[in-house]
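The structure appears below as structure tokens.
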Amino acid sequence: MSDEVVVTVFGTRPELVKLCMVIEEMDRRFDNHVIVHTDQHYDYDMDQLFMEELEIRAPDHRLSQRSENPVEQLGAMISQLSHVYGEVKPDVVVVLGDTNSTLAGALAAKKSGVLLSHIEAGCRSHDKTMPEEQNRVVVDHISDILFAPSRIGVENLRDEGITGPSVHLVGSTLIDVCRRNLEIARSKSKVDLPERYALVTIHRAANIQDRNRLQAILDSVEIISESIPVVFPVHPHTSKMMKRWQMTPASEGLKICPPLGYLDFLKALAGAEFVLTDSGGVQQEAQVLGVPILTARKETEWVETVECGGCRLVDADAEAIIQNSLRIINDDEFRASFSRRGSPYSETEVSKKIAEILFESLQWRGTVKS
Ligand code: UD1
Ligand code: UDP
């Protein structure tokens, strides 16, 4: 234990999932571990439900901002975080991933002269129009201690000139969370699922803010649901865009529902014939669970899932989505080809490693007051 102040910032559904074990380990390692929720996600089923299921303690600070405009949202988060940092005086700020909360936590730290650590460093889709790519590139380039989830992440950082002892290859924190909760989900979840089904999640800005792309995905899902039941928990952002454009896909086999809690979702994912998704987290979890993945994007930052054959990129191309879906359902050989080469995610105790390395790095830098 030590008395330096560590602040961990988060605010969205994937950050809650990916950080739950990191928070536990930081609490164990550091006497003064302060957790801050930015309020980016706030609906019960995008936020509090996850805090309860994943047993995350109540945040020490919660920001108060609800702007629909990403620039105002970012500005408000940075400004409020700088006040929190001013109050708690962190020795290091920890952020994860690529959301606006990640960027705000990082910028506020560097502008306050605080050491910054980034978990999930080095992920690149190489598409700079993507808000998440902009966020992760900026955060990596201003971070002092970086935790990469894969060898590819380390190589991406190296290609951008970020090398040396500040870069640590630790693996992905999500994998431990997924493995820890799978049996709990199977025994506790009461989610009502068809016997055989496909699972769909769509929320990426490029897919839902472009009317043609969203329409193509929803049309495909409707067609697939004539061959296999489809479970489609709808992200609030997607729901908003579907309402705006009055898109109401419907068929007997299509089960549209609000976002699922983590345990229900994990059970649903583990039992699915395949998943059609544009989520980064879902892509990784499906890979671990051996569920074939159709990713509705042109590229992915989780390149290893494509390299090992577990994931096919189908973009928002109706023909590619439908043809691949039908082949998975009807052609056992094709379906088996997704899992033939196994999973690239074999790491364990990633969160524990991160807390240990952070502790040692602070000591080495002379930040720890021993
Ligand atoms: C954000 C992240 C994305 C991540 C996703 C995880 C950014 C730029 N994007 O996208 O990387 O994959 O979270 O789910 O940070 N809304 C609600 N209730 C909520 C949350 C959002 O109604 O609890 C609606 C609001 O209208 C809001 C809109 O969704 O304006 C967009 O929310 P925002 O957090 O900005 O982006 P996401 O699409 O959720
Ligand atoms: N998830 C969930 N319920 C859902 C959809 C997703 O619990 O209805 C979980 C999923 O298991 C994964 C995380 O949310 O752990 C991924 O978050 P999201 O897809 O919102 O964001 P991304 O990973 O794309 O940033």
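Since every read-out is calculated from the coordinates, none of them should be taken as a lab result. Bear in mind the structure is a predicted one, so any value in this text is a computation, not a measurement. Heads up, the Cβs are rebuilt from the backbone with ideal geometry, glycines too, and the neighbour counts pull from every protein chain shown.
Odds and ends about this structure:
- Scattering curve values for the range 245-335, log₁₀ I(q)/I(0), Debye with Cα scatterers, q = 0.18, 0.22, 0.26 Å⁻¹: -0.89, -1.27, -1.48
- The alpha carbons of the chain occupy a box of 64, 42, 41 Å along the principal axes, longest dimension given first.
- Cα-based helix-to-principal-axis angle, 13-29 vs the chain, degrees rounded to 10: 40 degrees
- From the alpha carbon centroid of the range 306-370 to that of the range 171-211 is 14 Å.
- Shape summary of the range 261-310, radius of gyration then Dmax from alpha carbon positions: 10.3, 30 Å.
- Summing Cβ point charges (Lys, Arg +1; Asp, Glu -1) relative to the Cα centre of the chain gives a dipole of roughly 160 debye.
- One compactness figure for the range 130-215 is 1.56, namely its Cα radius of gyration divided by 2.2 N^0.38 Å.
- Over the range 21-98, all Cα pairs binned in 5 Å intervals from 0 give whole-percent P(r) values of 3, 12, 22, 24, 21, 13, 3, 0, listed from short to long.
- Candidate lysines - alpha carbon under 23 Å from residue 298, same-chain residues fewer than 8 apart omitted: 128
- Centroid-to-centroid separation of the range 1-68 and the range 80-126 [C-alpha atoms, Å]: 13 Å
- Cβ charges +1 (Lys, Arg) and -1 (Asp, Glu), total dipole of the range 38-162, debye: 520 debye
- Lys/Arg +1, Asp/Glu -1 at C-beta; the range 244-299 dipole; positive extreme among 247, 283, 268: 247
- Mean Cβ count within 10 Å, highest first, over the residues of peptides 17-27, 151-161: 17-27, 151-161
- Convex hull projection area averaged over all views, the range 212-370, Cα basis, nm²: 12.3 nm²
- About its Cα centre, the range 105-187 has a charge dipole of approximately 180 debye under the convention of +1 per Lys or Arg Cβ and -1 per Asp or Glu Cβ, with nothing else charged.
- Selection from 206, 78, 311, by position along the positive dipole direction of the chain (Cβ): 78
- The range 142-268 pair-distance distribution - Cα-Cα, 5 Å bins, rounded %: 2, 9, 15, 13, 12, 12, 13, 11, 7, 3, 1, 0
- Cα pair count fraction exceeding 16 Å, expressed as % - the range 52-163: 61 percent
- Within the range 284-370, the percentage of alpha carbon pairs spaced more than 16 angstrom apart rounds to 63%.
- Residue among 337, 172, 117 with the largest mean-square fluctuation in a Gaussian network model of the chain, springs linking Cα atoms under 10 Å: 337
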